[in-house]
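Here the structure is laid out as structure tokens; the discussion comes afterwards.
The values are calculated or read from the model by the stated rules, or taken from the named source; none is laboratory data. Keep in mind the model is a prediction, meaning the values are calculated, not measured. No Cβ is skipped: glycine too gets one built from the backbone with ideal geometry, and neighbour counts run over all protein chains shown. Ligands, DNA and RNA are stripped out before the accessible areas are found, and what is left, the full protein with its side chains, is counted by its heavy atoms. Shrake-Rupley method; radii C 1.70, N 1.55, O 1.52, S 1.80 Å.
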Amino acid sequence: RTIASRATTSFSSTLTRSPVALFLTPRRLLSPEKLSLVSDRYVAFRAFSGGPMPLRAFPQYTIFGTTTALSVRSILPQFKRAGSDGVSVERRGKLVLEFVPRAQTGAGFLWKEKTPFSLSVEEIGLCISQLPGNSVELSHAYYGAESDDEGSRSGVTQTSGDSIEKVLTIQQAEGSSVKFTVDYMKNGVGGEDPSGIVFSHTPLEVMVQAGEFEVLKSIFQTSIPYLIGWNTTMDIASANAISRGVERSSGGYY
């Protein structure tokens, strides 16, 4: 095949793989079929159980312990326009660990009374590099009930000398298991009951078995490129580079 035909195939493959790249591709390079996938607010339709492809998804992995459930979910990065036709990351994403106490009756978990702890990409990297051989302890300043530990700190201040910290401890336990613990601490003393929280069950701990920890570690590793927007922006940059090359070569529609 010619260089132009190979570039065309690669370009089309990139557009299929990256809906965001499709959105930002100059419309003059799109065939009528691909143009039908683009609207002012971007709606892409693909086969999904006989209907349109959903535009939202909620990745989550949950480990159910004896007294506490441990759930991990993602908060994706926020993007912004860069120039007239570019995009960049405005705010990095993060992973959130949620500790959910079991109901006193033993039936089910109290999901509305969970204790979250967010992990930045650097903290995720630290966990990957240190665990399970070494213990990891992370602490976040507690800013009051208005803060959800996901970066919402608007108008919240912390009183000097009277600070409470939310502390996550991860350490190797018996055998190949790993223990995750979250607690509110003040001056190094745990078991604090932060004001403004109606239900406080801390400290909460979950014993994660070896297989479960490998799943968590895999989630940590594969999530980093998405949380910093690397995969998305690289796809867009690649699609743009290919489209420019194809346009210079033949100037046709694809």
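Brief remarks on what is shown
- Selection status of residue 222, among the polar types (S, T, N, Q), touching an Asp or Glu at 6+ places or on another chain (Cβ under 9 Å) and either modelled with pLDDT under 95 or open to solvent by 50 Å² or more (accessible area, probe 1.4 Å) (or both): no
- Among the residues of the stretch 166-193, just one is surrounded by 14 or more Cβ atoms within 10 Å (Cβ to Cβ), out of contact with any Asp or Glu (no Cβ under 9 Å at 6 or more places or on another chain) and without any contact (Cβ under 8 Å) to a residue 40 or more places away in the chain, namely 173.
- Among (1) in a helix (DSSP H, G or I); (2) touching a strand residue (DSSP E or B) at 6+ places or on another chain (Cβ under 7 Å), the one test that residue 132 misses: (1)
- Residue in the stretch 73-93 that is modelled with the highest pLDDT, counting only those that are assigned to a strand (DSSP E or B) and of a type in the set (Gly, Ala, Ser): 74
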